[in-house]
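Structure first, then comments.
The values are calculated or read from the model by the stated rules, or taken from the named source; none is laboratory data. Model, not experiment: these values are computed from the prediction. Note: ideal-geometry Cβ built from the backbone for every residue, glycine included; neighbour counts use all protein chains shown. Areas reflect the complete protein model, heavy atoms only, side chains present, ligands, DNA and RNA absent. Shrake-Rupley method; radii C 1.70, N 1.55, O 1.52, S 1.80 Å.
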Amino acid sequence: MNRNIGVLISGRGSNLQAIIDAIRGGRLDARIAVVISNRADAYGLERARAAGIEALVRDHKAWPTREAYEAALVGELRAREVGLVCLAGFMRLLGPTFVGAFPNRILNIHPALLPSFPGMHAQRQAVEHGVKISGVTVHLVDTTLDGGPIVMQAAVPVLDDDTEDTLADRILAEEHRVYPEAIARVIAGGWRIDGRRLVAEGR
Ligand code: GRF
């Protein structure tokens, strides 16, 4: 697979930073071609620029429809020959215009063990539900919310005195470890999609 990555963010960008660090550290053989944020105040934009990576703001509110916005994003990514799109805290649900342009070439990271606790505030949902284990999921993106084939997961314990924030911190440490590994796995190839399972080729 083409090793040019496009990273979409909306905020803090700590997962973006983990990807940057993994590339620098030789743990991920890829290149971030562009970072795009739908919010001008996303701190991740500064992280990108500090690393010498092109960083764009494309505010969804400036486009009349979701389709037009997504077509604009696709145009920016194609112009930079992006082969894999990594969503890293990008807070927009993507529709067929975007997903259809990069079939099985979009990854997302979600702070729960899917299919438990999709959507917003996954860590709060886990604490409130009373599960004893939660974690992180990296998955391929289709048009369902947090629903595509799973690439990697890692579990963390949920402790009796956890709050949403303490659990989020424990999960985040795993996110930063797992996301670059999952990206490396997808880029390396040797996998195929069987139903909704991502499995090693030849199985
Ligand atoms: C992470 O918890 C990620 O799992 C979720 O949004 C958060 C983004 O954090 N999708 P950051 O912007 O990467 O720091």
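Being part of a loop (DSSP other than H, G, I, E, B) and open to solvent by 40 Å² or more (accessible area, probe 1.4 Å) is the filter here, so list the residues in segment 105-129 that pass it.
Those that are part of a loop (DSSP other than H, G, I, E, B) and open to solvent by 40 Å² or more (accessible area, probe 1.4 Å): Arg105, Leu113, Pro115, Ser116, Pro118, Met120, His121.
Kindly state which helices (runs of 4 or more DSSP H) lie completely within segment 1-80 and contain at least 1 residues that are more than 14 Å from the chain's Cα centre (by Cα) and within 11 Å of the ligand (Cβ to nearest atom).
Passing ranges, in order: 43-50.
Please pick out the residue among Ala30, Ala42, Ala55 that is free of Cβ contacts under 8 Å to residues at least 24 places away in the same chain, of a type outside the set (Phe, Trp, Tyr) and surrounded by 18 or more Cβ atoms within 10 Å (Cβ to Cβ).
Ala55
Against the condition modelled with pLDDT of 95 or more, among the hydroxyl-bearing types (Ser, Thr, Tyr), within 15 Å of the ligand (Cβ to nearest atom) and part of a loop (DSSP other than H, G, I, E, B), how does Ser134 come out, does it pass?
No: the conditions fail for Ser134.
Does Ala126 fit the bill of being of a type in the set (A, V, I, L, M, F, W, C), within 16 Å of the ligand (Cβ to nearest atom), closer than 20 Å to Ala154 by Cβ and over 18 Å from the mean Cα position of the chain (by Cα)?
The answer is yes for Ala126.
Being among the acidic types (Asp, Glu) and assigned to a helix (DSSP H, G or I) narrows it down to one residue among Asp146, Asp161, Asp169; which is it?
After ruling out the rest, the residue left standing is Asp169.
Which of the residues belonging to segment 64-75 are surrounded by fewer than 18 Cβ atoms within 10 Å (Cβ to Cβ), of a type in the set (D, E, K, R) and within 18 Å of Ser10 (Cβ to Cβ)?
Result: Arg66, single match.
I'd like to verify a number: residues in segment 81-104 that are touching a residue at least 60 places away in the same chain (Cβ under 8 Å), away from the ligand (no atom under 11 Å from the Cβ) and open to solvent by 20 Å² or more (accessible area, probe 1.4 Å), how many?
3
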